[in-house]
Amino acid sequence: MTVVLQSAPVTLPSVQGEGGWQPKVVGLDLSLTSTGVAGTTWAKALRPGRRRSHERMDWLCGHIRMCVEEADLVVVEGAAYAQGGQAGHHELAGLWWLVTQDLWRLRIPYAVANPHHRTIYATGRANPAQEWPRKERSKVAKGMVRSVAAERYGVECDGPGRYDQADATVLAAMGLDWLGYPTVPVPDTHRRALEAVQWPDLIPVSAN
């Protein structure tokens with residue numbers, strides 16, 4: 001998948017640690033039933049309820065647009081190709097393209113991180129619940145990411161959509177780290193996930 005964003009790189013100012021400007025980074029964990037959206041200190045789940053088809057797409061895109069307004073970078077979770085046969089995959093792919101098209105139109109740079117990138121950044125491993133029984137691994141891994149959102153970043157993710165909120169929180173943290181504004185130190189065993197993400201044409205502060 002090719003990500004085309006801006007015609008020229010943009011250099012962000014280097015003022016981290018001065019209590020001044022910080023880039024606005026938003027994480028998006030797209031879902032037809034519960035889209036996670038998060039920033040530096042907040043997270044929410046966008047749940048369209050009984051809306052379906054075009055009405056659902058329109059509702060989600062509209063609410064996402066309000067959340068990413070004036071963002072300097074958006075980190076979107078990419079497709080999990082191993083789950084390509086899941087119900088709603090065709091419609092979910094449509095939502096992904098509608099949202100990223102909106103970002104492109106608004107000239108908001110976006111990065112694409114797949115679920116493994118996000119989980120490695122959070123826990124240090126792509127499959128952190130490997131020791132658990134197979135049927136429990138997915139839920140346990142989601143719980144681990146949720147714990148990271150609360151304990152490392154101070155973002156409590158509760159209620160319906162709590163796992164989606166946590167995923168989005170980690171995605172936003174990845175973007176801030178890559179730009180050179182990490183909110184907390186992260187071990188290299190976790191940060192290696194940043195190398196595989198499809199980043200846009202921004203020049204991180206750390207590269208200046």
Filter segment 39-71 down to the residues that are farther than 12 Å from residue 161 by Cα and either crowded, with 18+ Cβ neighbours inside 10 Å or hydroxyl-bearing (Ser, Thr, Tyr) (or both) and list them by number. 39, 40, 41, 53, 57, 60, 64, 67, 68, 71
Restricting to segment 81-99, what's the tally of residues that are at pLDDT 95 or above and either in a loop (DSSP other than H, G, I, E, B) or hydroxyl-bearing (Ser, Thr, Tyr) (or both)? 0
For residue 147: the one exception among (1) assigned to a loop (DSSP other than H, G, I, E, B); (2) surrounded by fewer than 20 Cβ atoms within 10 Å (Cβ to Cβ); (3) modelled with pLDDT of 95 or more; (4) among the hydroxyl-bearing types (Ser, Thr, Tyr): (1)
Determine whether residue 20 is closer than 23 Å to residue 197 by Cβ, more than 18 Å from the chain's Cα centre (by Cα) and modelled with pLDDT under 95. no
Which is in a helix (DSSP H, G or I), charged (D, E, K, R) and more than 20 Å from residue 76 (Cβ to Cβ), of 135, 142? 135
Among the listed residues 188, 177, identify the single one that is over 14 Å from residue 43 (Cβ atoms), acidic (Asp, Glu) and touching a Ser or Thr at 6+ places or on another chain (Cβ under 9 Å). 177
Would you say residue 122 is in contact with a Pro (Cβ under 7 Å, 6 or more places away or on another chain) and surrounded by 19 or more Cβ atoms within 10 Å (Cβ to Cβ)? no
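The values are calculated or read from the model by the stated rules, or taken from the named source; none is laboratory data. What you see is a predicted model; the values in this text were computed from it and never measured. Neighbour counts are summed over all protein chains in view; Cβ atoms, including those assigned to glycine, are modelled from backbone coordinates with ideal geometry.
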